[in-house]
Amino acid sequence: MALETTTQTHSLRLWGLLGLLAGGMILSSCGRKAAAVDLDASAEPDKVLFETAIEEIGKGRHEVGRLALQTLMNTYPDSEYLAKAKLGIADSYYKEGGASGMTQAVAEYEDFITFFPFLDEAAYAQMQVGMAHYRRMEKPDRDHSEALAAETALQILLQKYPDGPIAEEGRQRLREVQEVLAEGEMRTAQYYFIRGADRSALGRLQRLTSRYPLYSQADRAQWNLAALYERHGGGAELSTQYYSRIVTDYPLSPLAAAAREKLIKYGAPVPDPGPAALERMKREQEIERPRPGFVGRSLGMLKAGPDVSMAARFGSPTMTPFNAETEDAAILGIPGAASAVGGASGVTAQPVAPTQR
């Protein structure tokens, strides 16, 4: 009851302000003194409405602020504050949060981009679309729809505004989203492997390694692929390409030395480490990352969102949009994996389990 009374009080204040503004306009048009209205005579009504609305939103009174902004847009369609009001409504929903708030925020930001595509704030609005999905992103073993939506929105941001002031922030958020998506693929591959569905495990690992090379365990995914091909008779023909990638793309990986030994065993050439990959891994190793103990992991299980602390900080994230139809087709048509389900042959190497975080 107290909350309802407070809301009604703020609504009455706003309606009183709107009444005063309307009264001020009438008095002014009739040549009467604007001082009759309790407003600064030098203040434009649309400016007063905008500043009042932003103040209300800043105090957490989102509905009251949105009402003022909507009134501004309806009453002053040529106002210089029109775009700011539209963006302010989107921001109010984003700050309000919750499932409905985030959904409405995305719709409002997308409307802003549609109506004001050439303003500098359009890049910010696109970033916020991605962040609204980012905030609703679930853990790697749960639904990926919000993570995929965040990935798409952030890719659009970087395609449209690659050198903008928020491009680097968007790039890092995209790396984090793709870490979550890649981790989901890794866990699914591990599940299939345990169930004996090696062909499905191969497909997931192939998609992971091709789409998310910056994934914190991409080297292990490459090793797992090579080991699965060895297990099913692929040997030098198929497995060595993945061992080679570990050496060239992940030269500081703990698996790099073992990958070289595998290449030597099969008589395959041992490539040199890629200079860019070597530099990137050196820079990544300089980053301090949390290594939670048992208590930290226990508390981490209670977090609503995924852990992105192991996401890459350097390197270009994948900019190719996800296409479910073509991606699934790629999984179903794995070359060389037709005999993956069923008895094993050849070397019985076992995939390396992902490291616990």
Search result, residues across region 136-172 that are closer than 18 Å to residue 109 by Cα, surrounded by 16 or more Cβ atoms within 10 Å (Cβ to Cβ) and of a type in the set (D, E, K, R): 136, 146, 151
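Take the conditions among the acidic types (Asp, Glu) and assigned to a helix (DSSP H, G or I) and apply them to residue 151. Does it pass?
Judged against the criteria, residue 151 is a match.
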Hits in region 228-257 - residues which are under 17 Å from residue 208 (Cβ atoms), surrounded by fewer than 24 Cβ atoms within 10 Å (Cβ to Cβ) and modelled with pLDDT under 95: 238, 241
Among the candidates 92, 100, residue that is out of contact with any Phe, Trp or Tyr (no Cβ under 6 Å at 6 or more places or on another chain), free of Cβ contacts under 8 Å to residues at least 12 places away in the same chain, part of a helix (DSSP H, G or I) and over 19 Å from residue 155 (Cβ atoms): 100
Test: residue in region 199-220 that is surrounded by fewer than 18 Cβ atoms within 10 Å (Cβ to Cβ), within 14 Å of the chain's Cα centre (by Cα) and in a helix (DSSP H, G or I): no
Of the criteria (1) assigned to a loop (DSSP other than H, G, I, E, B); (2) within 17 Å of residue 153 (Cβ to Cβ); (3) not aromatic (Phe, Trp, Tyr), which one residue 60 fails: (2)
Scan of region 149-174 for residues that are touching a Gly at 6+ places or on another chain (Cβ under 9 Å), modelled with pLDDT of 95 or more and not hydroxyl-bearing (Ser, Thr, Tyr), ordered by number: 149, 150, 151, 153, 154, 155, 156, 157, 158, 170, 173, 174
Residue among 169, 176, 185, 146 that alone is free of Cβ contacts under 8 Å to residues at least 60 places away in the same chain, of a type outside the set (Lys, Arg) and under 16 Å from residue 319 (Cα atoms): 169
Near pairs, Cβ below 8 angstrom, 6+ apart or cross-chain, from region 196-218 (over 21 Å from residue 312 (Cα atoms)) to any residue that is among the basic types (Lys, Arg): 198/231
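For residues that are in a helix (DSSP H, G or I) and β-branched (Val, Ile, Thr), scanning just region 158-197, find the one that is nearest to residue 320 (Cα to Cα). Step through it out loud before you land on a result.
From region 158-197, those in a helix (DSSP H, G or I) are 158-160, 167-194; that's our starting set.
Pick out the ones that are also β-branched (Val, Ile, Thr) and you get 177, 180, 188, 194.
On the way: 177: 14, 180: 16, 188: 22, 194: 30 Å.
Applying the filter and picking the extreme gives 177.
Any residue in region 119-126 that is within 20 Å of residue 188 (Cβ to Cβ), in contact with a Gly (Cβ under 9 Å, 6 or more places away or on another chain) and in a helix (DSSP H, G or I)?
No - not one qualifying residue is present in region 119-126.
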Any chance residue 297 is outside any loop (DSSP other than H, G, I, E, B), basic (Lys, Arg), out of contact with any Leu (no Cβ under 7 Å at 6 or more places or on another chain) and modelled with pLDDT of 95 or more: no
Flag for residue 49 being in a helix (DSSP H, G or I), without any contact (Cβ under 8 Å) to a residue 40 or more places away in the chain and aliphatic (A, V, I, L, M): yes
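The values are calculated or read from the model by the stated rules, or taken from the named source; none is laboratory data. These figures come from a predicted structure and were not determined experimentally. For neighbour counting, all protein chains shown are included, and Cβ atoms are generated from backbone atoms with ideal geometry for every residue, glycine included.
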